[in-house]
Amino acid sequence: MTPEPVRCGWVTTAPDYIRYHDEEWGRPVHGDDLVYERLTLEAFQSGLSWLTILRKRENFRKAFSGFSIPAVAAFDESDVERLLADAGIVRNRAKIEAAVSNARAAAEIPGGVSGLVWRYADLASPAPGSLADVPATTPASKALAKELKRHGFRFVGPTTAYALMQAIGLVNDHLAGCWARDRP
């Protein structure tokens, strides 16, 4: 039997967490709709377990038109009410309204939201030795949050911005010893 690879300490035995860590987390994500999706999911996660969001992810994709920025930017109050009635997603009015508002803001960014976010990449950060070495925010995440807010984004504080940076590969916070740290 092959031993389990060493993973970051936040990964539990939940298959959803393992799959997310092994296949997605920390890998570079480019493209406006893909970055908008991740930003939206990170905002919805605020105050909740990431596992909750992962398990509802496909429902979020259906409810938010595949996270197509033009489609979500066109949502109106009837769409907000539809989303509030959708038990398959997190039904929080402020977060839903922020997701719609953020799609509108993303649609207005010259060069796109992906280009804006990737200007804050820090690919040379040293490998954290333990979870205690992984910050909740950084100067770059504070600057990114400020820039996104300047463009009209909501629910994008420095902690959410840093979680986005980790998720889409702007920083590599896989712990030293994690098999995924140095993967291509």
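Here, each number is a calculation from the coordinates, and none is a lab measurement. Please read all numbers here as calculations on a predicted model, not as lab measurements. Cβ sites come from the backbone with ideal geometry, for glycine too, and all protein chains shown count toward neighbours.
In table form, for the structure just shown:
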| read-out | value |
| --- | --- |
| Rounded to whole Hz, the Karplus (6.51, -1.76, 1.60) HN-Hα couplings of the range 28-39, x for glycine and proline | x, 10, 10, x, 4, 5, 5, 5, 4, 4, 5, 4 |
| Order of Met1, Met165 - criterion: other Cβ atoms within 10 Å of each residue's Cβ, fewest first | Met1, Met165 |
| Rounded to 10°, Cα long-axis angle of helix 93-107 versus longest principal axis of the chain | 90 |
| From phi via Karplus (6.51, -1.76, 1.60), per-residue ³J(HN,Hα) for the range 140-148 in Hz, x at Gly/Pro | 5, 5, 5, 5, 5, 4, 4, 5, 4 |
| Euclidean distance between Cα centres, the range 65-84 to the range 85-130, Å | 16 |
| Per-residue Cβ neighbour rank within 10 angstrom, fewest leading, Thr160, Thr138, Thr52 | Thr52, Thr138, Thr160 |
| Option label - volume of the Cα convex hull per residue in Å³ computed here, alternatives (1) 107; (2) 129; (3) 117 | (3) |
| Residue (of Ser114, Leu84, Pro158) at the positive-pole extreme of the range 15-167, dipole from beta-carbon charges | Pro158 |
| Only Lys, Arg (+1) and Asp, Glu (-1) charged, at Cβ; the chain dipole about Cα centre in debye | 260 |
| From phi via Karplus (6.51, -1.76, 1.60), per-residue ³J(HN,Hα) for the range 70-78 in Hz, x at Gly/Pro | x, 5, 5, 4, 8, 4, 10, 4, 5 |
| Nearest 10 degrees, 0 to 90: helix 50-63 Cα axis against the chain principal axis | 40 |
| Simple spin-label estimate for Ser46 and Arg181 in nanometres, 7 Å along Cα-Cβ | 3.2 |
| Fewest-first sequence of Leu116, Leu34, Leu148 by Cβ atoms within 10 Å of each Cβ | Leu34, Leu116, Leu148 |
| Proximal aspartates and glutamates to Lys142, defined as alpha-carbon separation beneath 16 angstrom and excluding residues fewer than eight positions away on the same chain | Glu42, Asp122 |
